[in-house]
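Engineer: Provided herewith is a single structure, encoded as C-alpha cells, for subsequent inquiry.
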Amino acid sequence: MSRQLQPEPPPLPLRLSPATLAAVFLGGGLGTVSRFLLDTAHPDPGGHFPTTTLIINLSGSLAIGLLAPLMARLTSRLALLRPFLVVGVLGGWTTYSTLAVDGDLLFKGSHIGIGVGYLAATVFGGIALVLLGETLSRRTDRST
Amino acid sequence: MTTFGVASHSPTLGLALLVAVAGGLGAMARALLIHEVGRRRSDPLPLGTMVVNASGSFVLGLLTGCSMYHGLGPHELSIAGVGLCGGYTTWSTASWESVHLLRDQHRSEALVYTFGGLLTSLAGAALGIGLTAAL
C-alpha cells in the first residue's frame, strides 16, 4: 500500500470500563438514530440500487479514515472520544446487516447486475475512502 | 435499507428514541463481543468483527423474512432491525480493518477478511430469510 502512510495501532481491543461502554452506548444510539432518520426520509425502494445505504456506509468509511489517526494520539483525558465517535457513532451509523440483506434481496429478485454493482461499490469504495480519509487526516495534521 | 415495511413516513419521537436505545445496546454488544474474541486470539485476522457482522446479518434476515412472510410490523422491524442489528453490525470498522490488513502486509488475511466477511454475511442473511420463508 501507499508508502508515505505508517501503520496505525488497531482500534481494538478497547479497555471496556463502564465509562467506555456508556460512551459506546451513547454514540451507538446517536449514529443509529441518524441512519434511521435518513433511511425514513430517503428509503431505498426494493429492486433498485440502495443509494441511501451506500452513502451512509461510504461516509462512515471516509469518517473512520479521517478520525482514526487523530484518535490514536488522544491524551488520556479525551480517551472516551474514540469509543464514543469511532466504535459508537460510526459503528451505529454504518451497517453490515442491511448491506447483506439488501444484496440478497437484489439477487433473489434477479437484479444480479445491481446486486454485484452495489456490493462492489461498497467494498472497493469503502477501502478507497478509508485511504482518502487517512491521507487527508495526516496532511491536515502536518500543516498545523 | 430496502424497506419491507419499515415505517416510511415521518417517525414519532417515541419510535426514534426506541431505535436509538436499540442501536446503543447493539453497539455495546458489538464492542463486548469483539473485545472478548480479540482477547483470546493473537492471529491478525479480526474474527470478532466477522462474527458480529455475520450473526447480525442472520438476525436481520430473520426479521426481514418475518416482515415479508409473517406480518412483522413496521415499528418492530425498525427497532429490532434498523436499531439493534444496525447498531450491532458495522461497515466503517470492516473497511478500516481491510485497509490495515493490506497495509501490514497480511494480504491473505485481507482477502479472507474482506470477501469471507461479505460471503458469510450474505449467507447468514440468506439463511435467515430462507428459514422464515420455509416456516
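Derivation of every value follows stated rules applied to the coordinates shown; laboratory data play no part. This is a predicted model, so every value here is computed, not measured.
Engineer: Which translational diffusion coefficient, to the nearest whole µm²/s, is obtained for chain A from the Stokes-Einstein equation, given a Kirkwood hydrodynamic radius over C-alpha pairs, 10 °C and 1.306 mPa s?
Structural biologist: For the chosen part, D equals 96 µm²/s.
Engineer: With the Cα gyration tensor of the stretch B:17-87 giving a ≥ b ≥ c as the square roots of its eigenvalues, does the rule (a/c under 1.5 for rounded; else a/b larger than b/c for prolate; else oblate) give rounded, prolate or oblate?
Structural biologist: Oblate.
Engineer: For A:ASP44, list long-range residues whose amide hydrogen, built 1.01 Å from N in the peptide plane, is under 5 Å from its own amide hydrogen.
Structural biologist: Hits under the 5 Å cutoff: B:THR3.
Engineer: Another one. Counting only C-alpha contacts under 8 Å and six or more residues apart, can you give the relative contact order of chain A as a whole percent?
Structural biologist: Contact order relative to length: 37 percent.
Engineer: Quick one: Karplus J couplings for the stretch A:51-64, per residue in order, coefficients 6.51, -1.76, 1.60, θ = phi - 60°, nearest Hz, x for Gly and Pro?
Structural biologist: 3J(HN,Hα) across the stretch A:51-64, in whole Hz: 4, 4, 5, 4, 4, 4, 5, 5, 5, x, 5, 4, 5, 5.
Engineer: With the Cα gyration tensor of the protein assembly as shown giving a ≥ b ≥ c as the square roots of its eigenvalues, does the rule (a/c under 1.5 for rounded; else a/b larger than b/c for prolate; else oblate) give rounded, prolate or oblate?
Structural biologist: Note, shape of the protein assembly as shown comes out prolate.
Engineer: In addition: Any chance you could run the full-extension gain for B:LEU119 through B:GLU76? It's 0.36 nm times the residue separation minus the Cα-Cα distance, nm to one decimal.
Structural biologist: Length difference between fully extended and current span is 12.8 nm.
Engineer: Right, another one. Rounded if a/c is under 1.5, else prolate if a/b beats b/c, else oblate: with a ≥ b ≥ c from the C-alpha gyration tensor eigenvalues square-rooted, which is the stretch B:74-130?
Structural biologist: Because a/c hits 1.5 or more and a/b fails to exceed b/c, the stretch B:74-130 counts as oblate.
Engineer: Tell me, what does the Kirkwood hydrodynamic radius of the stretch B:23-135 come to in angstroms if you use every pair of distinct C-alpha atoms?
Structural biologist: 14.7 Å
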